[in-house]
Amino acid sequence: MPKSPASSNSLDHFDLAILRILQENNYTPQRTIANLINLSAAAVHRKIKRMEENGTIQNQIAVADPNKVSIPITIVVEVEMENDKIELVRKTKQKFASIPAIQQCYYVTGEVDFILVINVANMTAYEELTTKLFFDNPDIKRFRTFVTLDRVKVGLSLPI
C-alpha cells in the first residue's frame, strides 16, 4: 500500500524538532533526542514510527562520497521529449526512476521536460548511458549535458 504524504499541518513542533535532528544525524539515539526536545524517549519513538508509517520519513540512508566509491563524475542533463502525451511521460518517468546512475529526476515546466542528476564512474559509462536512454529512444527530441566541475553543495535535508 503506498504511503500518503503527510500534510505540514499534521506535524507539531516536536515532530519538526525530531526531523531536524534526524536529518543532521540519523544515528542520534532516541533518548538523546528526547532530552534535547524535552519529551520522553517513548514519545519520541512513537512520533518517529508515525512519521515513518505516514511517509514523512521516507528512508534511512547513508550518503556516500562519490569520490570514495569511484563514481566521481556528476552530470546534469536537460531532456526534451518529442511530445507531452501523458502515457509517454509516465513511461519515461518509470524508465528514469529505474536507472541507478540517475540520482535525481525532476519533471519540470519550461523549455525542457526533465532535469536529471546523474553520477557515473567515467565518461565512457556516461556515453553508454546516453546511447541507451537518449540516442536509441525515438521519444527523446534532444538532451543537453552539463558536466559539473565541483560539488559546491549537496544536501538531502529540508530546511524545516
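The values are calculated or read from the model by the stated rules, or taken from the named source; none is laboratory data. Fair warning: this is a prediction, and the values are worked out from it, not measured in the lab. Heads up, the Cβs are rebuilt from the backbone with ideal geometry, glycines too, and the neighbour counts pull from every protein chain shown. We work out accessible area using only protein heavy atoms, side chains counted, and drop any ligands, DNA or RNA first. Shrake-Rupley method; radii C 1.70, N 1.55, O 1.52, S 1.80 Å.
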> Computed over the Cα atoms of segment 43-137, what is the convex hull's projected area averaged over all directions, in nm²?
Replying inline: 8.4
>> Which one, I33, A17, A97, projects farthest toward the positive side of the charge dipole computed for the chain from Cβ point charges (K/R +1, D/E -1)?
In response: I33
> Can you give the three extents of the C-alpha atoms in the chain along their principal axes, from longest to shortest, in whole Å?
Replying inline: 57, 38, 26
>> Give me the base-10 log of I(q)/I(0) for segment 17-82 at each q in 0.18, 0.21, 0.26, 0.28 Å⁻¹, Debye formula, one uniform scatterer per Cα, rounded to two decimals.
In response: -0.75, -0.86, -1.12, -1.23
>> With loop defined by DSSP as not H, G, I, E or B, and exposure as at most 13 other Cβ atoms within 10 Å, which is the longest segment of the chain clear of exposed GluC sites (Glu not before Pro)?
In response: 1-81
>> Using helices alone, I'd like the mean residue ellipticity at 222 nm for the chain: each DSSP H run of four-plus residues gives -39500 (n - 2.57), total over residue count, nearest 500.
In response: -10000 deg cm²/dmol
>> Counting pairwise Cα distances across segment 84-160, what percent come out greater than 14 angstrom?
In response: 69
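Of the peptides 14-20, 62-68, 44-50, how do they stack up when ordered by the mean number of other Cβ atoms within 10 Å, highest first?
Packing order, densest peptide first, comes out as 14-20, 44-50, 62-68.
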> Taking the mean number of other Cβ atoms within 10 Å as a proxy for protection, how do you rank 69-75, 150-156 from highest to lowest?
Replying inline: 69-75, 150-156
> In cubic angstrom, how much convex hull volume per residue do the alpha carbon atoms of segment 48-98 span?
Replying inline: 142
> Cα-Cα pairs above 15 Å in segment 68-121: how many percent?
Replying inline: 48
>> Below 8 Å, C-alpha to C-alpha, sequence gap of six or more: please give me the relative contact order for segment 1-157 in percent.
In response: 24
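Whole number in Å², please: accessible area per residue of segment 42-160, 1.4 Å probe, ligands, DNA and RNA not counted.
Averaged over the residues of segment 42-160, the accessible area is 69 Å².
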> Which lysines have a Cα less than 16 Å from the Cα of K85, not counting those fewer than 8 places away in the same chain?
Replying inline: K93, K95, K141
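What is the extension gain from H45 to F146, computed as 0.36 nm multiplied by their sequence separation minus the C-alpha to C-alpha distance, in nm to one decimal?
32.0 nm
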